[in-house]
Amino acid sequence: MVREDGADVELGFEALAKGSFNRIGGSRPKSRVYRSKARRERYMAMSSLRKGEESKSCLHTLGHHQEAEEDEKENVQEKSRLLCERILRLNAQKKPSQYSFASDPQPKRGVGLQPKAKFVAVSTGMSVKYLEWGSSGEVVVLLHGIGECSEVWCSIATKLAEHGYHVFALDLRGHGQTTWSSSQLYTAQSMATDLKDIFLELDLYRSKCALVGVDIGAAVAAEFACLYPRLVAVLACIDYDAVSKDSRLSYCKVQAASNVLDYESATALLTSPLLKDQQRVKASAEKVVPLMFTQEGKALGLKPKMDPKFFFSASMASLGHSLASVKCSLLVLHSFGKDTLERMRLLLESTSASFVRVEKSSGYALSDSPFEVYSALKKVLGKCNAFVDEEPHSRTPEALGLRPLPQFGSLEEAFKALGPRNIPNREEIQAELDKLRDEEGECVSEDDNLNNAH
């Protein structure tokens, strides 16, 4: 069928189905890249960017990235909540729960398993929880990954303590029983400051130590080793990808979960494919569920042991720079793909890094294969001879950069504060004790008089 203007209608419909128009006189020339005003403007804008006609300054680009990060930080709680609600709703449609709170597994506590929790008040006013195994030996500090807490290290820490190491495991800020930041200040620098205060309070600076961290814990450990190189003899990074943007270096996708009925629902949450790069295998999820979630009550269910607004603010450039700047022995335990592994090797080519693949890991080596992690750590710790400092007499907080040198207005003030003090003799000590007893006796007599008056 031919129209009055000479166009073949049937041929036109057939050509339309194939994606091109044909006329009697021949084929229609190909259209331009753009077919509308909006596409034309977008095409011209992209072309101008490629040619550098409208290139943006570095400061403008940095500001754009900071704004994008702030937007992501504000929306992270809502994104996590909606994702968890969707996963739990899909799981509820499959089958009813067969678990009860009475049968839910709980972390064991006892000698050699989970010691009693202790707390340290740091300079920011926050309270940091830590666990301690052993009482002497070379110090090993363990930092957990995102969404977890210090109890995930119990089995490995117990084994290390049995071999003579003095082991500490911390709850990072915003996790477990450590204080949550009211201003959501969760950066590698702020957490490294918390770690510095713990070194001061517990006198861990007297000798070099080994730092072991998982994902964000590894980022904090690398930042600390870069800032205080004389404090760290060995740095071990587990599941830490410092060359590509990993969501585990930003936030935990289940941190804002609510209405989690029981541990079966929490396991389904952690094993859901919707978590993508944060999905765990079932065996791994069952191990960490009691450590990542806490019971609010039978009516309320479970909730994660972390700040629902947590967001780890760090650029990949700064994380990579800190890791590449460490001067100590470096161990990387990983399950990377070929491309990621090559980029990590290129990043750390100027360091003494050794790479060890955790064969049975699905991305969470600490819960997937703790024995492989322990074996690799034990091997590198046994080979390290850098724990002893050549100048032990100079290991003061001021010399190590942990505490600023005191400032005095005059030489007399400095001598008065730092000069030698007279050691009291036996008579002076006895006189002070008698004075204290007399003051206590006066206080007791005043209390008795008040009681008699009433």
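Here are some notes:
- Answer from SER367, SER325 - the residue that is surrounded by fewer than 17 Cβ atoms within 10 Å (Cβ to Cβ), out of contact with any Leu (no Cβ under 7 Å at 6 or more places or on another chain) and touching a residue at least 40 places away in the same chain (Cβ under 8 Å): SER325
- Count of residues meeting criterion [over 18 Å from SER375 (Cβ atoms), in contact with a strand residue (DSSP E or B) (Cβ under 6 Å, 6 or more places away or on another chain) and not in a loop (DSSP other than H, G, I, E, B)] in region 137-185: 9
- Scope region 390-403; condition open to solvent by less than 30 Å² (accessible area, probe 1.4 Å) and part of a loop (DSSP other than H, G, I, E, B); matching residues: ARG395, PRO397, LEU400, LEU402
- Candidate set: region 154-167, residues that are open to solvent by less than 10 Å² (accessible area, probe 1.4 Å) and touching a helix residue (DSSP H, G or I) at 6+ places or on another chain (Cβ under 8 Å); chosen: the one nearest to VAL254 (Cα to Cα): ILE156
- If you go through region 250-264 and keep only what is surrounded by fewer than 22 Cβ atoms within 10 Å (Cβ to Cβ) and touching a Phe, Trp or Tyr at 6+ places or on another chain (Cβ under 9 Å), you end up with SER250, LEU261, ASP262, GLU264.
- Conditions (1) touching a strand residue (DSSP E or B) at 6+ places or on another chain (Cβ under 7 Å); (2) touching a residue at least 40 places away in the same chain (Cβ under 8 Å); number of the one not met by VAL288: (1)
Okay, residues lined up against (1) over 21 Å from PHE199 (Cα atoms); (2) surrounded by fewer than 19 Cβ atoms within 10 Å (Cβ to Cβ); (3) under 25 Å from the mean Cα position of the chain (by Cα):
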site: SER335; (1), (2), (3): yes, no, yes
site: LYS338; (1), (2), (3): yes, yes, yes
site: SER354; (1), (2), (3): yes, yes, yes
site: LYS360; (1), (2), (3): yes, yes, yes
site: ALA376; (1), (2), (3): yes, no, yes
site: LYS383; (1), (2), (3): yes, yes, no
site: LEU405; (1), (2), (3): no, yes, no
site: SER410; (1), (2), (3): yes, yes, no
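- Qualifying position, being surrounded by fewer than 17 Cβ atoms within 10 Å (Cβ to Cβ) and outside any loop (DSSP other than H, G, I, E, B), among ASP197, ASP277: ASP277
- Once region 109-135 is narrowed to residues that are open to solvent by 80 Å² or more (accessible area, probe 1.4 Å) and over 30 Å from TYR186 (Cβ atoms), the residue that is modelled with the highest pLDDT is SER135.
Residues checked against (1) within 20 Å of the chain's Cα centre (by Cα); (2) part of a loop (DSSP other than H, G, I, E, B); (3) over 21 Å from SER361 (Cβ atoms):
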| residue | (1), (2), (3) |
| --- | --- |
| GLY213 | yes, no, no |
| SER244 | yes, yes, no |
| GLN255 | yes, yes, yes |
| ALA266 | no, no, yes |
| SER284 | yes, no, no |
| PRO290 | yes, no, no |
| GLN295 | no, no, yes |
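- Checking the stated criteria, GLU349 turns out to be open to solvent by 30 Å² or more (accessible area, probe 1.4 Å), in a loop (DSSP other than H, G, I, E, B) and within 30 Å of LEU231 (Cα to Cα).
The values are calculated or read from the model by the stated rules, or taken from the named source; none is laboratory data. Keep in mind that this is a model prediction, so the values were computed, not measured. Ideal geometry is used to build each Cβ from the backbone, glycine not excepted, and the neighbour counts take in all protein chains shown. Only protein heavy atoms, including side chains, enter the accessible area calculation; ligands, DNA and RNA are left aside. Shrake-Rupley method; radii C 1.70, N 1.55, O 1.52, S 1.80 Å.
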